[in-house]
1. Based on Cβ point charges of +1 for Lys and Arg and -1 for Asp and Glu, what charge dipole magnitude is obtained for the chain about its Cα centre, in debye rounded to the nearest 20?
2. GLU120 to GLN163: FRET efficiency via 1/(1 + (r/R0)^6), r the Cβ-Cβ distance, R0 35 Å, to the nearest 0.05?
3. Please give the net charge around LYS33, taking every other residue with its beta carbon less than 13 angstrom from that of LYS33, where Lys and Arg add +1 and Asp and Glu add -1.
4. Viscosity 0.692 mPa s, temperature 37 °C: what is the translational diffusion coefficient of the chain from Stokes-Einstein with a Kirkwood Rh over Cα pairs, rounded to a whole number of µm²/s?
5. Quick one: helix 120-142 against the long Cα principal axis of the chain, what's the angle to the nearest 10°, folded into 0 to 90?
6. Using 0.36 nm per residue, how much length does the chain from LEU29 to LYS68 gain when fully extended, once their Cα-Cα distance is taken away?
7. To check my understanding: the extent here is largest minus smallest coordinate of the Cα atoms along each principal axis. What are those three numbers for the range 9-52, in Å, largest first?
Amino acid sequence: MSDRPYNVLFLCTANSARSIIAEAILNRLGVGKFRAYSAGSQPKGEVHPFALQLLRGLNYNTSFARSKPWDEFADPGAPEMDFVFTVCDDAAAEVCPVWPGQPMTAHWGVPDPAMAEGSEAERHFAFAEAYRMLNNRISIFVNLPMTSLDKLALQRRLDEVGQNVPTAG
């Protein structure tokens, strides 16, 4: 790892909600230390309006938000990723492209708020809950002592963060 900000890619099949939310959170919490991106294996082509509404309501600038294919980040000239996190079970089960630089990977599964049923309030709550889960995991991630952990210890911690069971040490 170098002195530049760590590049992190969040993957989800549609790249319309969870991965977009994670990108926004990490770019805020990790400013200067991390640079987040998001993409999908089968991008929906638009960001879910509830995701945009949630982020705007929390004072995030959403001008970055765009549903895009993960191929953009496997092409020559794309930013080299240090970390790649899947945030949905479907993307975790798919065959991902080979990422240049062999980034560290982990699965941080979060229920898909876009699939929530019920009243509009219940659907908005599903987005708020996805945000809460991602914010908790990303808050832990940005505070890991990256430079003092060897690669094996860092991988173990990333997997623990995905399970929301960080350990001491």
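1. 540
2. 0.65
3. Result for the local shell: +1.
4. 204
5. The angle comes out near 10 degrees.
6. Full-extension gain reported as 11.8 nm.
7. Largest first, the range 9-52 extends 30, 21, 11 Å along its Cα principal axes.
None of the figures in this text is laboratory data; all of them are computed from the coordinates on show. None of the values given here were measured: they were computed from a predicted structure. Backbone-built Cβ (ideal geometry, glycine too); neighbour counts: all protein chains shown.
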